[in-house]
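Shown next, in C-alpha cells, is the structure this report addresses.
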Amino acid sequence: EATKILTYFIDEVGPYSYSKLANMQVKTAWGGLENAGTISYNEKLITGKKKIQGLMAHEIAHQWFGNSATENSWNHVWLSEGFATYFAILYQESVDGNEKRKTELIQDRKEVIAYFQKNPSPIVDNSIKDPKKVLNRNSYQKGGWVLNMLRHRLGDEIFWKGIRAYYKTYKDANVMSADFQRVMEQASGQDLNEFFDQWLYVKGYPELKWSWKYNKGNLTISVKQKQKHHTFKFPVEFGIVKDGAMKIESFYVDEKSNTFMIDMNEKPDDVKIDPEVWLMFQEE
C-alpha cells in the first residue's frame, strides 16, 4: 500500500524529497508521526486488515506538505495538517471513488461543527501561542475542507495545476498561507482574496436555513444565513430529484438571504442541498 501511495503523490504532486521512505511500527503516543523519510505508526494499529490506508496516506502526504514545503509559523499549520488530511482523501478517492471522498468529508464536517461550538475560532488563529494548541479540528479537518472547496471552485485541472506549481515553488522551503493563495491565483487567473479571507481568517461557516416550494412551473429555493458574525459568500449546489434521477443546479449565495428560481414543468419529488459534498456549512 505504501508503494502505491508514494507513487500516487509523486505522479500527482511532484518529486519525492528524500532518499527513502521507511514505515515503522513503534511504541508511540500518536497514531502516526510523519518524520521525514521515516514514518512511525503505533504498533497496535498494524493488523494486516488494511484499516490504516487513510492514516498511511495522511503521513505519506506529509512528506510533501509539512516536511518538504513547511509552514513558516505554527499558526499556519493547516498547510501541513489540512493538506495531509485532504490529500489522504484524494488518494482514497483515486482508489475507491467519489463516494469515499463524500463519506470522509461528511465525517470531517461533523467534527468541524462540533469543535467550533466549543472553540469558536478561525483556522489561522494568531492568538494561539502554544504550538500544541494549533493541532486541532480547524487545522486538520477544516483545513482539508478549504482545499475541497477550492478544488470545487477552480475545477480539477486548475486545482492540480496550482498544487503542482505550489509544491515546485516551495519544495524544501518555508511557506505561508499568503504564498499558497498567490500561487493558486496565478494558476487560476482569479482573485481568491475573499475565498481565503473568509475560510482561513474568519471563524465558523455558513449556518443555513433553507426551503423550497413549487408553484405553477417555478421551483423557488430560499437560503438564509443564520450566523450573525459574518456573511459568507459561496456557491451552493442543490440536487433536484424527479423520478429517481437527480439534476444538480448551482447558485451563488452572497447575502444574508437569497432566493433562487428554476423553471420546471413538474413539481420535483425532492430537493437536496449540497448532494456532492462541496460546501462546509451547518444545516439549521
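Structure notes:
- Filter result (open to solvent by less than 30 Å² (accessible area, probe 1.4 Å) and polar (S, T, N, Q)) within the stretch 61-72: Gln63, Ser68
- Any hit, the stretch 66-78, residues being part of a loop (DSSP other than H, G, I, E, B), at pLDDT below 85, small (Gly, Ala, Ser) and more than 18 Å from the chain's Cα centre (by Cα): no
- Flag if Arg153 is out of contact with any helix residue (DSSP H, G or I) (no Cβ under 7 Å at 6 or more places or on another chain) and either in a helix (DSSP H, G or I) or on the phi > 0 side of the Ramachandran plot (or both): no
- Residue match in the stretch 106-120 (condition: touching a Phe, Trp or Tyr at 6+ places or on another chain (Cβ under 8 Å), closer than 30 Å to Lys256 by Cα and of a type in the set (Phe, Trp, Tyr)): yes
- Enumeration of residues in the stretch 164-182 that are assigned to a helix (DSSP H, G or I) and either touching a residue at least 24 places away in the same chain (Cβ under 8 Å) or under 20 Å from Asp11 (Cβ atoms) (or both): Arg164, Ala165, Tyr166, Tyr167, Lys168, Thr169, Tyr170, Ser177, Phe180
- For the stretch 134-155, the candidate set comprises residues that are touching a residue at least 60 places away in the same chain (Cβ under 8 Å) and within 8 Å of the chain's Cα centre (by Cα); within that set, the residue that is surrounded by the fewest Cβ atoms within 10 Å (Cβ to Cβ) is Met149.
- Of residues in the stretch 239-275 being acidic (Asp, Glu) and not in a loop (DSSP other than H, G, I, E, B), the one most open to solvent (accessible area, probe 1.4 Å): Asp263
- Checking Tyr86, Tyr91 one by one, the residue that is over 20 Å from Asp274 (Cβ atoms), in contact (Cβ under 8 Å) with a residue 24 or more places away in the chain and buried (at least 17 other Cβ atoms within 10 Å of the Cβ) is Tyr91 and no other.
- Hits in the stretch 111-126 (condition: at pLDDT 95 or above and exposed (fewer than 13 other Cβ atoms within 10 Å of the Cβ)): Ala114, Gln117, Lys118, Pro120
- If you filter the stretch 6-24 down to residues that are open to solvent by less than 50 Å² (accessible area, probe 1.4 Å) and out of contact with any strand residue (DSSP E or B) (no Cβ under 7 Å at 6 or more places or on another chain), you find that the one that is farthest from Ser68 (Cα to Cα) is Tyr8.
- The set of residues in the stretch 156-170 being open to solvent by less than 40 Å² (accessible area, probe 1.4 Å) and under 17 Å from the mean Cα position of the chain (by Cα) consists of Phe159, Trp160, Gly162, Ile163, Tyr166.
- Here is the figure for the stretch 224-238: residues that are charged (D, E, K, R), more than 18 Å from Asp269 (Cα to Cα) and buried (at least 16 other Cβ atoms within 10 Å of the Cβ) total 1.
- The stretch 186-221 - residue that is touching a residue at least 40 places away in the same chain (Cβ under 8 Å) and among the polar types (S, T, N, Q) and, of those, nearest to Tyr115 (Cα to Cα): Thr220
- Checking each residue in the stretch 184-223 for being in contact with a Lys or Arg (Cβ under 9 Å, 6 or more places away or on another chain), more than 18 Å from Trp278 (Cα to Cα) and surrounded by 14 or more Cβ atoms within 10 Å (Cβ to Cβ) picks out Ala187, Ser188, Tyr214, Leu219, Ile221.
The values are calculated or read from the model by the stated rules, or taken from the named source; none is laboratory data. Just so we're clear, the structure is a prediction, and the values are computed from it rather than from any experiment. A quick note on method: Cβ atoms are made from the backbone with ideal geometry, for glycine too, and the neighbour counts reach across all protein chains shown. The protein model used for the area step is the full one, side chains on, heavy atoms only, and it has no ligands, DNA or RNA in it. Shrake-Rupley method; radii C 1.70, N 1.55, O 1.52, S 1.80 Å.
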